[in-house]
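Working notes for the structure below.
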Amino acid sequence: MALISADGDAQADLAGVLEAADLACWVLRGAEEAGRVFGRETFDVILIHGRGDDGAASDLVRQVRLGPAAAAPLLVIAPSASQDDIAAILEAGADDCLDATPSPAVLVARVRAALRRAAPAGDLRKVWRVGDFEIDPAQRAIRLDGRDIALTRMEFALAELLFANVGRPLSRAYALEAVWGRNPDVPTRTLDTHVSRIRNKLGLTPANGARLSTVYSYGYQLDLLKG
């Protein structure tokens, strides 16, 4: 997740709480740095900490919603915000806004709730479909037209991640961490090789209603072309 705050003390406190709850946190010091990082990394949730009574929080929310991180759940902590300020922040595009810094337990619970709401619909332990593809987590299998496609464990994990994020660009760092674990000691060429294998094995081509594309200097994106 990304934490945006110009307040060094608040940054440290909030990042400490999130890291202690095993929520990997990328600390960003304002809108300019956030804009640069959002252009090359993917985040599951964004937390903004700042004043709500000067319009800056609303402006930052609008800026995020117009950029590459537009689809991510966005929470705001604005300790000095009035009810009108909170309304403005929510109208700008925030999913949640607090007028006081929450306790560690509440902060973690709200972030996890945002992550649950943003997760793909349904129970991913059950079979689910994306276009003509059937994803079966229990069997670690993906089927096309009823035919099982042989995938290794890591290929399946990467394919499942891509299918769960159709239409969303995923950075290389995000995909590496999601599939190989936090701080993976894995070269990016390993990811590129797995993506190439998945594209070929699953036939992620327009003929099958899907396209797995390279996003220049960023990562990869799976798009559904029909259905």
Within the range 82-97, the residues that are in contact (Cβ under 8 Å) with a residue 24 or more places away in the chain, over 16 Å from L3 (Cα atoms), of a type in the set (A, V, I, L, M, F, W, C) and in contact with a strand residue (DSSP E or B) (Cβ under 7 Å, 6 or more places away or on another chain) are I86, I89
Set L74, L3: member being without any contact (Cβ under 8 Å) to a residue 60 or more places away in the chain and touching a His at 6+ places or on another chain (Cβ under 8 Å): L3
Of the criteria (1) crowded, with 16+ Cβ neighbours inside 10 Å; (2) at pLDDT 85 or above; (3) in contact with a strand residue (DSSP E or B) (Cβ under 9 Å, 6 or more places away or on another chain), which one V108 fails: (3)
Which pairs have Cβ atoms under 8 Å, sit 6 or more apart or on different chains, and link a residue in the range 208-219 that is more than 13 Å from S171 (Cα to Cα) to one that is buried (at least 18 other Cβ atoms within 10 Å of the Cβ) and among the charged types (D, E, K, R)? L212/R199
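Evaluate the following for R40: is it farther than 17 Å from R182 by Cβ and loosely packed, with under 15 Cβ neighbours inside 10 Å?
So R40 fits the description; yes.
The values are calculated or read from the model by the stated rules, or taken from the named source; none is laboratory data. Fair warning: this is a prediction, and the values are worked out from it, not measured in the lab. All Cβ positions, glycine included, derive from the backbone under ideal geometry; neighbour counts span all protein chains shown.
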